[in-house]
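Step one of this worksheet: look at the structure below.
What follows is calculated from the coordinates using simple rules that are stated; it is not laboratory data. Source: prediction; values computed, not measured.
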Amino acid sequence: MHYLLFYDVVPDYAERRTAYRAAHLAHGEAAVRRGELLLGGALAAPVDGAVLLFEGTSPAVAEAFAAADPYVRAGLVTRWRVREWTTVVGAGAAVALPPSVTGPPRGASG
């Protein structure tokens, strides 16, 4: 399954994160190497949050990531939450839809 970790951040997050950025990125890279974190990054225009995509059997991996994240520990993240995301389209989708829902493959003639 996939899980999205959402961060709400302090108003001056972009400026304050500099002191913790290297440790935060190292934390993220370690999660990538373990096969837990697939993608992550700050929201843009405005920089008022972040979203990280995890893969696992439960939300525990994303929750543990947040609890240990240097940004969270430093108070840059005002609130975080994890949501299960039912992915159904794309190469890495967790749920395969039956052909009756998706239709015939492209280029198939009937």
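So what is the relative contact order of the chain, in percent, for Cα pairs below 8 Å that sit 6 or more residues apart?
Values: 155 pairs, mean separation 42.9, N = 110.
Relative contact order for the chain comes out at 39 percent.
Any chance you could list the semi-axes, whole Å, largest first, of the equivalent ellipsoid that the Cα gyration tensor gives for the chain, using √(5λ)?
With the √(5λ) rule applied to the chain, the semi-axes are 33, 15, 12 Å.
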